[in-house]
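Chemist: The structure follows.
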Amino acid sequence: MITQEQLKETQERRDALKKYLDIDGKKIQVEEEELRTHVPGFWDDPEAARKQMKKVKDLQAWIDDYHAVDSAVEELTVGWDFIKEGVIEEAELDQLYAHASALIEDLELKNMLRREEDKMDVVLKINSGAGGTESQDWASMLMRMYLRYCEKHGYKATIANLLEGDEAGIKSCTINVEGDFAYGYLKCENGVHRLVRVSPYNAQGKRMTSFASVFVTPLIDDTIEVKVDPALLSWDTFRSGGAGGQNVNKVESGVRLRYQFTDPYTGEKEEILIENTETRDQPKNKENAMRHLRSILYDKELQHRLQEQAKVEAGKMKIEWGSQIRSYVFDDRRVKDHRTNYQTSDVGGVMDGDLDGFIKAYLMEFAEADESKG
């Protein structure tokens, strides 16, 4: 059964959240912002109206989350009184404590996501490394892991492009993830993921090491302006169906975008290549590819800002795209994050999308550095 000290700590964390989040101030803000939605002609500018409605919704979400915490702590407090009177069992009180603690921890973590891009949706791209079938199989396992994570957290995940492996697995895939603070939580997945296991594709049953890289960029919308030079754009089209049969696409609906990018800070030139086969509608695929391009260009500017700030802070936080961030050692039943040293023996759970422990450990260690870069 929980102690009185644990109850007191829970109440103090609840009270601290009310202060940090300025719940009373947000309630006033919501009232003021809602008044703006009632003025005549509010919907004459649909885009401005949409932004205003989103602003109200975002503010209200913080209030609702805090109210959920407050209610859970109040139930726990009442439960503590009831246990002394023999009205409820100790197990029920422990359940109330676990529920309140989980809500508090979730809101504390969300409060760490203060950067502009943290609220955005995500483009998550997985590329298999060298190693043929084994690494391609590993890439497909990571794809499944992230799809399961999205499913568990109520995120909408759409596969925008998929390149299947030669024998099994995938060579690459691009997933668009939509949901509250998707980038804020998934940004810690950016980097190289290493698998160590006895490969089912090795006849000698040897232990093999495979790599796959994960690139996470904020999926921006039309409210953020990014300059794209049409003169540097070119398009190809191709059929985006499968290997054959009834489902093969006989129309060239798949699109391939090429953009000749020059880094304004270093002068380095790079061709950005984006393929989109999300729908059977070529104009829609072009629109999606352009959105992905704008997200990449936005992210490049974002990474420059982060790197400049990192120099000032003596590089406390590593942001290199190619850094190895996590090892999945199946035989030893161990998954370890090399940045935070957080690890778990629940390999099956991790591969089923249970990444919360890794994400929380990352945010706890790096959120303060992230916030100072804002």
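No lab work stands behind these numbers, since they all come straight from the coordinates. These numbers come from a predicted model, not from an experiment. Counting neighbours? That spans all protein chains shown, and the Cβs are built from the backbone with ideal geometry, glycine included.
Chemist: So which lysines pass the test for residue 125, namely a Cα distance under 17 Å, with those fewer than 8 places away in the same chain ruled out?
Modeler: 156, 171, 187, 300
Chemist: To continue, here is another question. Assign unit charges at the C-beta atoms only (+1 for Lys and Arg, -1 for Asp and Glu), then state the dipole size of the stretch 4-111 relative to its Cα centre in Debye, rounded to the nearest 20.
Modeler: I would put it at about 600 debye.
Chemist: Kindly give the semi-axes, whole Å and largest first, of the ellipsoid equivalent to the chain, taking each as the square root of 5 times a Cα gyration tensor eigenvalue.
Modeler: 39, 30, 21
Chemist: For the stretch 28-177, just say rounded, prolate or oblate: build the C-alpha gyration tensor, square-root its eigenvalues into a ≥ b ≥ c, call rounded for a/c under 1.5, and beyond that prolate if a/b exceeds b/c, oblate if not.
Modeler: oblate
Chemist: Right, next: By count of other Cβ within 10 Å, fewest leading, how are 151, 108 ordered?
Modeler: Result, fewest neighbours first: 151, 108.
Chemist: Given R₀ = 45 Å, FRET efficiency for residue 144-residue 9 by Cβ-Cβ distance, to 0.05?
Modeler: So the FRET efficiency works out to roughly 0.75.
Chemist: Using only Cα atoms, locate the centre of the stretch 143-172 and the centre of the stretch 252-283, then give the distance between them in Å, rounded to an integer.
Modeler: Between the Cα centres of the stretch 143-172 and the stretch 252-283 lies a distance of 21 Å.
Chemist: Could I ask something else about it? Can you list the lysines whose alpha carbon is less than 20 Å from that of residue 8, not counting same-chain residues fewer than 8 positions off?
Modeler: Within the straight-line limit of under 20 Å, residue 8 reaches these lysines: 18, 19, 84.
Chemist: What helices in the chain pass both tests, a Cα length along the helix axis of 24 Å or more and a mean Kyte hydropathy of -1.0 or higher, using whole DSSP H runs?
Modeler: Flagged H segments are 46-85, 90-111, 133-152.
Chemist: So how strong a dipole does the chain carry about its Cα centre when Lys and Arg Cβ are +1 and Asp and Glu Cβ are -1, to the nearest 20 debye?
Modeler: The calculation lands at about 1600 debye.
Chemist: Ranking 44, 337, 236 by Cβ neighbours within 10 Å, fewest first, what do you get?
Modeler: Ascending number of Cβ neighbours within 10 Å: 44, 236, 337.
Chemist: Here's something else I'd like to know. What's the extension gain from residue 52 to residue 39 if we count 0.36 nm per residue and subtract their Cα-Cα distance?
Modeler: Here the answer is 3.5 nm.
Chemist: Under the 0.36 nm per residue contour assumption, what length would be gained going from the current alpha-carbon distance of residue 159 and residue 119 to full extension?
Modeler: Contour length minus Cα-Cα distance gives 12.3 nm.
Chemist: Can you put 87, 39, 255 in order, fewest other beta carbons within 10 Å first?
Modeler: With the fewest neighbours first, 87, 39, 255 line up as 39, 87, 255.
Chemist: If the reach is capped at under 14 angstrom between alpha carbons, list the aspartates and glutamates near residue 206, excluding any in the same chain fewer than eight residues apart.
Modeler: Once the sequence-local aspartates and glutamates are set aside, what remains near residue 206 is 134, 331.
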